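The values are calculated or read from the model by the stated rules, or taken from the named source; none is laboratory data. Every value quoted in this text rests on a predicted model; they were computed, and no experiment measured them. Positions of Cβ are backbone-derived with ideal geometry, glycine not excepted, and every protein chain shown enters the neighbour counts. Ligands, DNA and RNA are excluded from the accessible area calculation, which covers all protein heavy atoms including side chains. Shrake-Rupley method; radii C 1.70, N 1.55, O 1.52, S 1.80 Å.
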Amino acid sequence: MKFLRSCSWLLLSSAAVPLAAGQKRNHLRRLGKPRCGDGIRQGGHEECDGTDDAACPGQCQADCRCSSVTTPAPTPAPTPAPLPLLSVSGSSIVRENIPLRLFGTNIVYSWESDAYWNGTGPGDAAQALNYAGNAFLRFPGGEVTSYWHWSAPVGRGWSDSWSPAFNGNYEPSDNWMSYDEYFQYLGNSLPLVGVNMASGWKYGRDGDGLDEAEALALHTASKVAAGEWPEVAYWFLDNEQHLEKFNDTGGWSEDLYASYINMYAPRIRAHVPNAKFVANWKHGASSWDQLLSGAGSNIDMMDVHSYWHRNGWATTDWQSYLDGTGADIQSPYGSSYRQWIQGIKDVGGAREVSLFEWGLSPSPETGPSLSRLQSAFMVADIFMQLIDSELDAACYWPLRVSSPESEHSHRTLLEVSFAAVKY
C-alpha cells in the first residue's frame with residue numbers, strides 16, 4: 001500500500017505543479033535514468049534534446065548532440081556502365097533471298113503423343129507449326145531413325161524390336177506418332193523422311209532392312225498417287241553413322257556408309273523416281289571427299305549437324321557464351337558458319353548443303369540451366385549466322401521434349417508444356 005500511495009502522490013503532485021510556458025511534464029521521467037529523446041536536456045552526454053536546444057538552436061541531432069561535428073555525406077552509388085548499343089546498317093545486304101527451307105524443325109516420334117497434335121489435349125502443335133511457317137518437318141527424328149521400324153514402331157525411341165534383347169513390350173499407340181499420323185499433322189510443312197539402315201547392319205538382317213525401306217517407299221508412293229499425301233522429295237539415309245552407335249560398336253567408315261547408301265537408294269528410287277537423298281557425315285573435307293567418291297551419284301544433299309557447346313557435349317552455359325569461349329561450331333573450316341558451310345560447298349560442288357540438326361547442347365549436370373530468354377538469344381544469334389552462311393536448308397532440334405524437367409528443356413523450339421502449347 002505504501003508503494004501505491006507513493007505513486008498516487010507523484011501523479012497528484014505532477015498535476016498540481018503549474019508549468020511555465022513551453023515546459024513539458026517530465027517529472028516522472030526525471031525520477032528515472034536520463035534518456036535521450038525525452039525532449040529535455042539532462043546534462044551528461046546530452047548537449048541538447050529535441051526542442052530543448054538552446055546550445056545549438058535548430059541543430060540538435062538524434063543522438064542529443066549539437067551538429068558541430070559534420071556528418072559524412074553518404075557515398076553515392078556507382079554510376080552504372082552504359083549499356084552496349086546495337087547499331088543496324090541498312091547499307092549492305094547480308095543475303096538477298098533467305099530460303100524458307102531454313103525454318104525447319106525436328107520431331108522425335110516417340111515423344112509426340114496424339115494429345116499434343118490433334119487438339120484434344122493441352123495444345124495443338126500442328127497449328128503452332130503452321131502459324132510459325134515451318135518448312136521441313138524431319139521424321140522420325142535424329143538418332144531414333146536407327147531404331148525405327150516404320151510399320152511396327154516400339155514407341156520408345158531408342159528401343160529396337162529387332163534386337164535379341166527386346167522384351168516385346170510396345171508403347172500404347174496414342175503415346176507416339178505413327179508414319180501415317182505424321183502426314184496427317186504435316187500441315188503446310190515439307191516432309192523429310194528418314195530410312196533405318198543401321199538395324200539391318202547391326203543384327204545381320206540387311207535383306208530385311210532393304211525390304212523394309214522399299215515397303216516404306218511403296219507405301220508412300222501409293223498415298224501420293226492417291227492424292228492423300230504430298231510428294232516426299234527428300235529422304236535422309238539414317239543419322240550420324242560416323243558416331244559410335246548402340247554403345248558397343250564404333251562409327252561407320254566412309255566406305256561402309258557409301259556401300260549402304262548404294263544399296264538402299266535404288267530400292268527407294270524404284271518407287272519414288274524423283275527422290276533426293278540426304279547423307280549426314282563428318283565435317284572434314286577429306287572425309288566428305290572419300291564418301292562422295294564412293295556414293296556421290298546417290299547423294300543430292302550433304303548434311304552436317306552442329307550444337308553450341310562450351311567444351312564438349314552437355315556443356316552449354318550462358319557465361320561461356322558471353323565470354324566468347326564456347327565453340328559455336330565443331331568444324332575445321334574456320335570460326336564462322338559462313339566459312340564452315342562454304343568449305344563443305346566447295347567439296348560438294350553443285351550439291352545442296354543442309355544443317356538438319358542444329359541448336360544448343362544440353363546443360364551441364366551441375367550448374368544453372370539456361371533461362372528461356374538466354375536460350376532464345378543464343379538461338380537467334382546462331383540462326384542469323386545460318387542466314388549469312390548460304391546454307392540451303394536447316395532443321396532446329398528439337399520441337400519439344402518428353403518432360404519439362406529434362407536436361408534438354410531449354411532446347412525446345414516450342415514451349416510445349418504439360419499445361420499448354422505456347423507460341
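Scan segment 344-389 for residues that are farther than 24 Å from Tyr321 by Cβ and in contact with a helix residue (DSSP H, G or I) (Cβ under 6 Å, 6 or more places away or on another chain) and the total you get is 2. Among the residues of segment 159-172, those identified as free of Cβ contacts under 8 Å to residues at least 24 places away in the same chain and either at negative phi or open to solvent by 70 Å² or more (accessible area, probe 1.4 Å) (or both) are Ser159, Ser161, Ala165, Phe166, Asn167, Asn169, Tyr170, Pro172.
Output yes when any residue across segment 121-142 is open to solvent by less than 10 Å² (accessible area, probe 1.4 Å), out of contact with any Gly (no Cβ under 6 Å at 6 or more places or on another chain) and basic (Lys, Arg), and no when none is. Checked against the condition, which is being open to solvent by less than 10 Å² (accessible area, probe 1.4 Å), out of contact with any Gly (no Cβ under 6 Å at 6 or more places or on another chain) and basic (Lys, Arg), segment 121-142 yields at least one hit. Of the residues screened, Glu365 is not one that is surrounded by fewer than 18 Cβ atoms within 10 Å (Cβ to Cβ), modelled with pLDDT under 85, touching a Pro at 6+ places or on another chain (Cβ under 8 Å) and not in a helix (DSSP H, G or I).
Hey, does segment 213-234 have a residue that's in contact (Cβ under 8 Å) with a residue 12 or more places away in the chain, touching a Leu at 6+ places or on another chain (Cβ under 7 Å), aromatic (Phe, Trp, Tyr) and closer than 26 Å to Ala135 by Cβ? Yes, segment 213-234 contains at least one residue that is in contact (Cβ under 8 Å) with a residue 12 or more places away in the chain, touching a Leu at 6+ places or on another chain (Cβ under 7 Å), aromatic (Phe, Trp, Tyr) and closer than 26 Å to Ala135 by Cβ. Selection of segment 294-310 for residues being open to solvent by 10 Å² or more (accessible area, probe 1.4 Å), at pLDDT below 90 and assigned to a strand (DSSP E or B) yields Tyr307, His309.
Matching residues to (1) farther than 30 Å from Gln342 by Cβ; (2) touching a Gly at 6+ places or on another chain (Cβ under 7 Å); (3) among the β-branched types (Val, Ile, Thr):
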{"residue": "Val224", "(1), (2), (3)": "yes, no, yes"}
{"residue": "Ser253", "(1), (2), (3)": "no, no, no"}
{"residue": "Asn262", "(1), (2), (3)": "no, no, no"}
{"residue": "Arg267", "(1), (2), (3)": "yes, no, no"}
{"residue": "Val278", "(1), (2), (3)": "no, no, yes"}
{"residue": "Ala295", "(1), (2), (3)": "no, no, no"}
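Taking the numbered list (1) touching a Phe, Trp or Tyr at 6+ places or on another chain (Cβ under 8 Å); (2) among the polar types (S, T, N, Q); (3) under 25 Å from Phe166 (Cβ atoms) in turn, Thr220 passes all entries but (3). Considering Ala215, Ala279, Ala258, the condition of being surrounded by 15 or more Cβ atoms within 10 Å (Cβ to Cβ), touching a Phe, Trp or Tyr at 6+ places or on another chain (Cβ under 9 Å) and not in a loop (DSSP other than H, G, I, E, B) is satisfied by Ala279 alone.
Of the residues Ser320, Ser354, Ser375, which is among the polar types (S, T, N, Q), modelled with pLDDT of 85 or more and in a helix (DSSP H, G or I)?
Residue meeting the stated conditions: Ser375.
Ala314: over 18 Å from Gly104 (Cα atoms), modelled with pLDDT of 80 or more and in a loop (DSSP other than H, G, I, E, B), yes or no?
No: the conditions fail for Ala314.
Scanning segment 218-241 for residues being open to solvent by 20 Å² or more (accessible area, probe 1.4 Å) and part of a loop (DSSP other than H, G, I, E, B) gives a total of 8.
Sub-7 Å Cβ pairs linking a first residue in segment 46-57 that is free of Cβ contacts under 8 Å to residues at least 40 places away in the same chain to a second residue that is in a loop (DSSP other than H, G, I, E, B) and of a type in the set (Lys, Arg), at least 6 apart or interchain, are Glu47/Arg65; Cys48/Arg41; Asp49/Arg41; Asp52/Arg41, ordered by first then second residue.
Quickly run through segment 242-255 and pick out the residues that are buried (at least 17 other Cβ atoms within 10 Å of the Cβ) and hydrophobic (A, V, I, L, M, F, W, C). If the condition is that a residue be buried (at least 17 other Cβ atoms within 10 Å of the Cβ) and hydrophobic (A, V, I, L, M, F, W, C), then Trp252 is the only one that fits.
Sub-7 Å Cβ pairs linking a first residue in segment 281-300 that is without any contact (Cβ under 8 Å) to a residue 60 or more places away in the chain and under 24 Å from Pro266 (Cα atoms) to a second residue that is open to solvent by 80 Å² or more (accessible area, probe 1.4 Å) and in a helix (DSSP H, G or I), at least 6 apart or interchain, are Gly294/Asp255, ordered by first then second residue.
Yes/no matrix, rows are residues, columns are (1) closer than 24 Å to Arg400 by Cβ; (2) among the acidic types (Asp, Glu); (3) over 29 Å from the mean Cα position of the chain (by Cα):
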{"residue": "Glu181", "(1), (2), (3)": "yes, yes, no"}
{"residue": "Pro191", "(1), (2), (3)": "yes, no, no"}
{"residue": "Tyr203", "(1), (2), (3)": "no, no, yes"}
{"residue": "Asp211", "(1), (2), (3)": "no, yes, yes"}
{"residue": "Leu218", "(1), (2), (3)": "no, no, yes"}
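Among the criteria (1) at pLDDT below 85; (2) closer than 20 Å to Gly324 by Cα; (3) open to solvent by less than 10 Å² (accessible area, probe 1.4 Å), the one Arg400 does not fulfil is (2).
Is it the case that Phe183 is surrounded by fewer than 22 Cβ atoms within 10 Å (Cβ to Cβ) and over 21 Å from Phe356 (Cα atoms)? Judged against the criteria, Phe183 is not a match.
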